[in-house]
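Chemist: Before anything else, here's the structure in question.
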Amino acid sequence: MTLYEYSQLGCVVETLFCGITLLFIGNVKAKLSSWLSWAKWAVAIVLVMVGIFTLVQYALSLNENYPKVNTALNISMLYTVTFMLAVAFIPLANRMHITNTRIILTAMIFLLSGVLVWISPWCEPSLATIMIVSSLALYFIELVRIIFVFAISYKMISSRRNELNAEESFRFSYLNLLWRCVFSLSLFAMLYVFLVMWSEHALAVYNFATLLLWAYVYVTFVNLIINYRSSTSRAETQITHLSVNQIVTSNTRLMENLGAKVDKWVASGAYCHKGVTMAQVAEQLGTNRTYLSRYINSYYGCNFNAWLTRLRIDEAKRLLVSSPTLSIEKVSLQLGFTSKSHFMSTFKAQEGLTPGQWRDQHA
């Protein structure tokens, strides 16, 4: 056996083992949060896919018998893995970036890139080169967009770190680690493009290096799953304990007065205004962000953004039933959402149905 074949076997064993075990971790003892479950399944499927792809290459000796097919298969695997990991990692920072439209568009870009690669082996050399270069150009443009979206989402959640609830705080604590995964995987993806048509020795070295990368990704997610339940439970207990102590102290009257103001603010429907922020609401209520955040966490069990979303979705459900002729777009505008698609994705995330489906069921 050659060094390249040994590297293939190592990749097959590691990725299939990690992928299959990751599929079953966290399924029995504790129900995982939706964002963590989504990421876990995507990463597990990626690992299994890489193992199957590599096993086919090894069993059929594609690099020796069909080098052009092997190259096309390698690049297709790269595109597929990038797409799946984008679906896995971006929701950890901001799930609103993962919409059906965005997923379909990204999938079409990678599919078109893959088609160009698979057609190129049967074209004349000059045309084949153009197709491969075009395919890689499309891939790199989409890869840069994915990295940019993750970076922007990470910056957004970092800017409101003090307003996060227990689960979001836990998620944020792992974003730094996951960001290293995204950066490392992107770096390996770009390096792979330049090595994929090189000698077997270069690919063998690359395969051995990826064994460490896949092990890092696997261990990261295993730790994330194991620590999820205990960390969120401990954080929620601390928040509850802190809130009770503060409410029982001299701040009780202040909290009661603030509660009356909050109820009045909610009754006025001010939460439907576009671009509502915690700073604006605190100023309107004659208090500061700290007290308002503490009150919302204590009495509603969530942070400001989750509370505001809950109010808007509850009002949306009332409008959908009471005003059956009112369009979804008008409902979204009345409730202060930035767009119809933002409203629909938020509503579905909260209720499990689109506004139209919910209206049909409750008409």
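Chemist: Could you count how many residues in the stretch 283-302 are more than 13 Å from Trp265 (Cβ to Cβ), polar (S, T, N, Q) and part of a loop (DSSP other than H, G, I, E, B)?
Modeler: Qualifying residue count for the region: 1.
One line per residue, one yes/no per condition, for (1) open to solvent by 40 Å² or more (accessible area, probe 1.4 Å); (2) under 30 Å from Thr101 (Cβ atoms); (3) under 25 Å from the mean Cα position of the chain (by Cα):
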position: Tyr271; (1), (2), (3): no, yes, no
position: Glu283; (1), (2), (3): yes, no, no
position: Gly286; (1), (2), (3): yes, no, no
position: Phe304; (1), (2), (3): no, yes, yes
position: Glu315; (1), (2), (3): no, yes, no
position: Ser332; (1), (2), (3): no, yes, yes
position: Glu351; (1), (2), (3): yes, yes, yes
position: Arg359; (1), (2), (3): no, yes, no
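Chemist: Can you name the residue in the stretch 106-125 that is open to solvent by 50 Å² or more (accessible area, probe 1.4 Å) and at pLDDT 85 or above and is also farthest from Leu73 (Cα to Cα) among such residues? Step through it out loud before you land on a result.
Modeler: Of the stretch 106-125, the ones open to solvent by 50 Å² or more (accessible area, probe 1.4 Å) are 108, 111-112, 115, 118-119, 122, 124-125.
Next, only the ones that are at pLDDT 85 or above stay: 108, 111-112, 115, 118-119.
Details: Met108: 18, Leu111: 13, Leu112: 14, Val115: 11, Trp118: 8, Ile119: 12 Å.
Residue satisfying both the conditions and the ranking: Met108.
Chemist: For the stretch 305-363, name all the residues that are assigned to a helix (DSSP H, G or I) and of a type in the set (Ser, Thr, Tyr).
Modeler: So in the stretch 305-363, the residues assigned to a helix (DSSP H, G or I) come out as 305-322, 328-334, 340-351, 355-362.
Thr309, Ser322, Ser332, Ser341, Ser345, Thr346 - these are the residues of the stretch 305-363 that are assigned to a helix (DSSP H, G or I) and of a type in the set (Ser, Thr, Tyr).
Chemist: Of these, Thr287, Thr325, Thr338, which one is hydroxyl-bearing (Ser, Thr, Tyr) and out of contact with any helix residue (DSSP H, G or I) (no Cβ under 9 Å at 6 or more places or on another chain)? Outline the logic, then answer.
Modeler: On the way: Thr287 fails: out of contact with any helix residue (DSSP H, G or I) (no Cβ under 9 Å at 6 or more places or on another chain); Thr338 fails: out of contact with any helix residue (DSSP H, G or I) (no Cβ under 9 Å at 6 or more places or on another chain).
Thr325 is the lone residue from the list that is hydroxyl-bearing (Ser, Thr, Tyr) and out of contact with any helix residue (DSSP H, G or I) (no Cβ under 9 Å at 6 or more places or on another chain).
Chemist: Suppose the filter is part of a helix (DSSP H, G or I), closer than 14 Å to Lys68 by Cβ and free of Cβ contacts under 8 Å to residues at least 24 places away in the same chain; does Ile119 pass it? Outline the logic, then answer.
Modeler: Working: part of a helix (DSSP H, G or I): yes; closer than 14 Å to Lys68 by Cβ: yes; free of Cβ contacts under 8 Å to residues at least 24 places away in the same chain: yes.
Here the answer is yes, as Ile119 does meet what is asked.
Chemist: Just to verify a result, which residue in the stretch 132-166, among those that are farther than 23 Å from Leu187 by Cα and of a type in the set (A, V, I, L, M), is modelled with the highest pLDDT? Give the steps one after another, and end with the answer.
Modeler: Of the stretch 132-166, the ones farther than 23 Å from Leu187 by Cα are 156-166.
Then drop every residue that is not of a type in the set (A, V, I, L, M), which leaves 156-157, 164, 166.
Values: Met156: 68, Ile157: 65, Leu164: 57, Ala166: 55.
Per the stated criteria, the residue is Met156.
Chemist: Here's something else I'd like to know. Which pairs have Cβ atoms under 6 Å, sit 6 or more apart or on different chains, and link a residue in the stretch 190-207 that is at pLDDT 70 or above to one that is open to solvent by 20 Å² or more (accessible area, probe 1.4 Å)?
Modeler: As it stands, the answer is Ala202/Leu195; Ala204/Leu3; Tyr206/Leu195, since those pairs meet every condition given.
Chemist: Tell me yes or no: at least one residue of the stretch 40-48 is modelled with pLDDT of 85 or more and farther than 30 Å from Gly352 by Cβ.
Modeler: no
Chemist: Residue by residue through the stretch 48-70, note down the ones that are open to solvent by less than 70 Å² (accessible area, probe 1.4 Å) and either outside any helix (DSSP H, G or I) or in contact with a strand residue (DSSP E or B) (Cβ under 6 Å, 6 or more places away or on another chain) (or both).
Modeler: Of everything in the stretch 48-70, just one residue is open to solvent by less than 70 Å² (accessible area, probe 1.4 Å) and either outside any helix (DSSP H, G or I) or in contact with a strand residue (DSSP E or B) (Cβ under 6 Å, 6 or more places away or on another chain) (or both), namely Ser61.
The values are calculated or read from the model by the stated rules, or taken from the named source; none is laboratory data. Please read these numbers as outputs of a predicted model, since none were measured by experiment. Don't worry about glycine lacking a Cβ; one is built from the backbone with ideal geometry, like all the others, and counts go over all protein chains shown. Note: accessible area is taken over every heavy atom of the protein model, side chains too, but ligands, DNA and RNA are not part of it. Shrake-Rupley method; radii C 1.70, N 1.55, O 1.52, S 1.80 Å.
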